[in-house]
Amino acid sequence: MSQFNFTTLGQFIIERQHEFPYAKGELSRILRDIGIAAKVISREVNKAGIAEIIGDTGEVNVQGEDVKKLDMIGNEMFTTTLSRGGEVCAFASEEEDDMIPLKGTYSKHGNYIVCIDPLDGSSNIDVNVSIGTIFSVYRRVTAAGTEPTLADVLQPGNKLVAAGYVIYGSSTMLVYSTGKGVNGFTLDPSIGEFCLSHPDIQVPKDGKIYSLNEGNAADFPAGVQQYIAWCKDKDKNTSRPYSARYIGSMVADLHRNLLKGGIFIYPPTSKAPNGKLRLMFECIPMAFIVEQAGGKAHTGTERVLDVQPKELHQRVPIFIGSENMVNKALGFMNATS
Ligand code: AHM
Ligand code: MG
């Protein structure tokens with residue numbers, strides 16, 4: 001490919017607008033705004049060490065302003081950007097207890113809801129390891145022009161109109177889907193644009209990587225313990241033993257598995273029967289992306305995208321990634337339940 005022959009995220013969104021469920025340009029503008037917010041967060045992530053924005057809040061900088069943690073910066077960036085547009089009437093964030101009706105001039109008339117985990121993998125922020133942003137977009141169910149309610153947000157994943165993530169890794173990438181496959185864009189810092197680098201991502205049906213926090217194995221259900229033992233068994237025919245890879249950032253672990261094939265599990269544990277990860281902010285959007293790429297995402301009892309959310313910060317266990325690997329793990333779960 002010539003160095004001048006590239007497609008930016010903005011160009012791609014416009015080219016694909018006709019594929020959107022409601023092709024009025026509103027969703028295109030939301031995706032564009034998310035792309036802009038992601039660039040600003042990427043800049044902040046890159047200078048985190050020198051700008052003293054890791055560590056706790058409550059500090060005051062030399063200008064007398066509060067020093068904000070990166071996750072709060074991410075949160076504010078999205079609220080501000082999405083309020084300005086007028087397509088989004090409400091915003092829900094892993095960083096906020098409640099849903100936030102947006103207060104922009106036109107927000108009430110917006111048809112869309114955006115859910116965000118502004119900076120996922122928080123334990124990795126301070127140690128320069130990959131982190132991410134996860135987003136999802138729903139169409140509101142209450143009438144435009146009225147005050148949005150929790151019913152607008154608490155929709156199952158099978159009602160999503162778009163979802164994606166941004167990974168702040170060795171490069172910054174934005175990966176998203178509007179329900180017509182998955183495409184990945186790499187931020188070219190020299191021109192400040194996300195450029196199409198991974199068109200039509202397909203997750204391999206099989207893989208050789210398993211990712212889970214094995215330190216908690218004693219608290220895992222018998223099915224997960226047996227599946228891990230199976231992953232470690234030697235068998236040339238099935239390329240075992242598999243490799244264990246666990247970054248501790250869901251976005252980074254899943255991004256790798258999406259490209260190379262693999263399974264990511266955050267299982268129920270005896271201490272946390274619903275696992276750790278949030279349905280609305282982490283599991284649903286990532287399940288949407290993985291399914292759109294030909295993979296599978298399950299809670300152990302049902303398809304993640306079919307779970308009817310009951311509360312904003314609900315948690316669910318998750319088995320997600322290459323279809324055959326997820327089926328194998330679920331087989332162990334079923335055999336022991
Ligand atoms: P966070 O939202 O506080 O960052 O937590 C979510 C993260 C995921 O990115 C990651 O997969 C998981 O927590 C790791 O949890 P654990 O440290 O229990 O393995
Ligand atoms: Mg998170």
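Annotations for the structure displayed:
- For region 167-179, the condition holds for at least one residue, the condition being that it is farther than 29 Å from ARG43 by Cβ and not assigned by TED's automatic domain parsing to the domain that holds SER270.
- Scanning region 80-90 for residues that are more than 15 Å from GLY145 (Cα to Cα) and either crowded, with 23+ Cβ neighbours inside 10 Å or not assigned by TED's automatic domain parsing to the domain that holds VAL114 (or both) yields a count of 1.
- Complete set of residues in region 220-244 that are surrounded by 16 or more Cβ atoms within 10 Å (Cβ to Cβ) and either within 14 Å of ligand 1 (Cβ to nearest atom) or assigned to a helix (DSSP H, G or I) (or both): PHE220, GLY223, VAL224, GLN225, GLN226, TYR227, ILE228, TRP230, CYS231
- The set of residues in region 97-147 that are at pLDDT 90 or above, among the charged types (D, E, K, R), more than 21 Å from LEU305 (Cα to Cα) and within 16 Å of ligand 2 (Cβ to nearest atom) contains only ASP97.
- Residue match in region 56-70 (condition: modelled with pLDDT under 95, within 16 Å of ligand 2 (Cβ to nearest atom) and either of a type in the set (A, V, I, L, M, F, W, C) or part of a strand (DSSP E or B) (or both)): yes
- Against the test of being of a type in the set (Asp, Glu), within 18 Å of the chain's Cα centre (by Cα) and more than 14 Å from ligand 1 (Cβ to nearest atom), the options ASP253, ASP306 yield a single qualifying residue, ASP306.
- Filter pass, VAL326 being touching a residue at least 60 places away in the same chain (Cβ under 8 Å), within 29 Å of ILE100 (Cα to Cα) and of a type in the set (Val, Ile, Thr): no
- Filter result (away from ligand 1 (no atom under 11 Å from the Cβ) and in contact (Cβ under 8 Å) with a residue 60 or more places away in the chain) within region 266-293: MET280, ILE284, PRO285, ALA287, PHE288, ILE289, VAL290, GLN292, ALA293
This table checks each residue for (1) under 19 Å from the mean Cα position of the chain (by Cα); (2) farther than 25 Å from ASN334 by Cβ.
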{"position": "ASN213", "(1), (2)": "yes, no"}
{"position": "ARG245", "(1), (2)": "yes, yes"}
{"position": "ILE265", "(1), (2)": "yes, no"}
{"position": "SER270", "(1), (2)": "no, no"}
{"position": "MET280", "(1), (2)": "yes, yes"}
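- Scanning region 97-135 for residues that are assigned to a strand (DSSP E or B) and more than 15 Å from ligand 1 (Cβ to nearest atom), we see that the one that is surrounded by the fewest Cβ atoms within 10 Å (Cβ to Cβ) is PRO101.
- Matching entry among GLY248, GLY207 (being under 23 Å from VAL316 (Cβ atoms), assigned to a loop (DSSP other than H, G, I, E, B) and touching a strand residue (DSSP E or B) at 6+ places or on another chain (Cβ under 9 Å)): GLY207
- In region 273-293, the residues that are touching a helix residue (DSSP H, G or I) at 6+ places or on another chain (Cβ under 8 Å) and either among the basic types (Lys, Arg) or surrounded by fewer than 24 Cβ atoms within 10 Å (Cβ to Cβ) (or both): LEU277, GLU291, ALA293
- When each of GLY275, GLY215 is tested for being more than 21 Å from VAL166 (Cα to Cα) and within 16 Å of ligand 2 (Cβ to nearest atom), the lone residue that passes is GLY275.
The values are calculated or read from the model by the stated rules, or taken from the named source; none is laboratory data. Every value quoted in this text rests on a predicted model; they were computed, and no experiment measured them. Note that each Cβ is placed from the backbone with ideal geometry, even for glycine, and that neighbours are counted across all protein chains shown.
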